[in-house]
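Step one of this worksheet: look at the structure below.
The values are calculated or read from the model by the stated rules, or taken from the named source; none is laboratory data. The structure displayed is predicted, hence computed values, not measured ones. In this analysis, Cβ positions are derived from the backbone assuming ideal geometry, glycine residues included, and neighbour counts consider all displayed protein chains. All accessible areas refer to the heavy atoms of the entire protein, side chains included, with ligands and DNA or RNA removed. Shrake-Rupley method; radii C 1.70, N 1.55, O 1.52, S 1.80 Å.
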Amino acid sequence: MSSVRPWRDIERRKSRQIMVGNVPVGGDAPITVQTMTNTLTSDAKATIDQIRRCEEAGADLIRVSCPDVESTAAMKEIVRAARVPLIADIHFHYKRALEAADAGAACLRINPGNIGSDDRVAEVVRAAKANGCAIRIGVNAGSLEKDLLEKYGEPCPEALVESALDHIKLLQDHDFHEYKVAVKASDVFLAVAAYQGLADAVDCPLHLGITEAGGLIGGTVKSSIGMGMLLWSGIGDTLRVSLSAEPEEEVRVGFEMLKALGLRTRGVRVVSCPSCARQGFDVIRTVEALEDRLQHIKTPLSLSVLGCVVNGPGEARETDIGLTGGGNGKHMVYLSGVTDHVVQSEDMLDHIVKLVEAKAAEIEAANGAEAQGSRMIPAE
């Protein structure tokens, strides 16, 4: 059956599915959004508080660094408190991987090649199998093996892919197949080319990231260009936006990226103009306030906020709720694309928030009734 709007279609790369705790990754599962805590893991309270903020922002998976035994000791308490599966970030010290697996981590992020001998890799695999852990192989252009740098002369797509395939073989040699792979680089061109090459070479889920992307604005732009290209071409099963910002901001950017491509729908999708001299109200400040006040809405719906009648009515026809600036402090409100009523400037923010909350409740009630109805249909 042909699509009504084929220019919006994204055909996802076919990958096998693994489980990270109770979250499916790969296959036909939704693309997951993850982030990483930046607190001292040994400080369980601070780490749990940060995890809670990331969960509220919508994180599906959260990575926690385990550099020392104090961190893995705290993991048991942290895992018990977390509402989403946790990934233990391990470098060099294979015993930290064993401890994290025993503490309840749902996934171990490792480079099999940098944790020691084949015997140590075997121990980590045994611990992962015994505890139901997945493994994420993390290849990074900034820490490529010396032999590959000597072979290729510099980090390049072929070197990243070869490193990933070498690490995969280490796991497969121990009959371990519950893994996903990342080939990250801070250079957008290098990362995209490496992921494209790896996508053709393997069938496992791929974890996307432009590593060390930068601050909130610069890192969002770089990540959106790189991961956007890959996601648009169907590559990617889980992602992290690596920003020098609070981890909950990484989650919000990740969801905005997926929402823009129609790959995930969560929360309010805001359509707004950049504003100009025609605006009937301060669009920039209004959108900032609405985005802040509507963060608690998890239900997918759309809101257009435009300062004048040039494009306002047209955009409002395509959104659940629309606001278009008018004269004399009176602005038009649209519901389900239809002109409905006028709101005064002084009442505008509170009014729009109430409308969005009511629409979200209406959608949730309809979804609940539909689900209840489907359960009542007798089996044939």
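Summary of values
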quantity	calculated
Single residue of the range 310-328 satisfying the filter (among the β-branched types (Val, Ile, Thr) and crowded, with 17+ Cβ neighbours inside 10 Å) that is nearest to residue 277 (Cα to Cα)	324
Search result, residues across the range 39-58 that are in contact (Cβ under 8 Å) with a residue 12 or more places away in the chain and surrounded by fewer than 13 Cβ atoms within 10 Å (Cβ to Cβ)	none
Condition broken by residue 340, with the remaining ones in (1) loosely packed, with under 13 Cβ neighbours inside 10 Å; (2) of a type outside the set (S, T, N, Q); (3) free of Cβ contacts under 8 Å to residues at least 24 places away in the same chain satisfied	(1)
Counted residues, the range 179-190 - those being out of contact with any His (no Cβ under 8 Å at 6 or more places or on another chain) and buried (at least 22 other Cβ atoms within 10 Å of the Cβ)	4
Total residues in the range 129-145, condition under 21 Å from residue 212 (Cβ atoms) and either of a type outside the set (Val, Ile, Thr) or surrounded by fewer than 16 Cβ atoms within 10 Å (Cβ to Cβ) (or both)	8
Cross-chain or 6+ apart pairs with Cβ under 8 Å, the range 152-177 first and within 15 Å of residue 115 (Cα to Cα), then of a type in the set (Ser, Thr, Tyr) and open to solvent by less than 50 Å² (accessible area, probe 1.4 Å)	168/179; 171/179
Verdict on residue 78 being at negative phi, open to solvent by less than 10 Å² (accessible area, probe 1.4 Å), of a type in the set (A, V, I, L, M, F, W, C) and touching a strand residue (DSSP E or B) at 6+ places or on another chain (Cβ under 6 Å)	no
Residue in the range 193-200 that is among the polar types (S, T, N, Q), part of a helix (DSSP H, G or I) and out of contact with any Lys or Arg (no Cβ under 6 Å at 6 or more places or on another chain) present	yes
Pairs, first over 14 Å from residue 61 (Cα atoms) in the range 1-29, second in a helix (DSSP H, G or I) and of a type outside the set (A, V, I, L, M), C-beta under 9 Å, six or more apart	10/232
Residue 58 vs. criteria small (Gly, Ala, Ser), in contact with a strand residue (DSSP E or B) (Cβ under 7 Å, 6 or more places away or on another chain) and on the phi > 0 side of the Ramachandran plot	yes
Test set (1) open to solvent by less than 20 Å² (accessible area, probe 1.4 Å); (2) assigned to a loop (DSSP other than H, G, I, E, B) - residue 251 fails condition number	(2)
Test set (1) more than 27 Å from residue 39 (Cβ to Cβ); (2) modelled with pLDDT of 95 or more; (3) open to solvent by 20 Å² or more (accessible area, probe 1.4 Å); (4) not aliphatic (A, V, I, L, M) - residue 244 fails condition number	(1)
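Okay, residues lined up against (1) out of contact with any helix residue (DSSP H, G or I) (no Cβ under 8 Å at 6 or more places or on another chain); (2) within 20 Å of residue 269 (Cα to Cα); (3) not aromatic (Phe, Trp, Tyr):
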position	(1), (2), (3)
284	yes, yes, yes
294	no, yes, yes
310	yes, no, yes
327	yes, no, yes
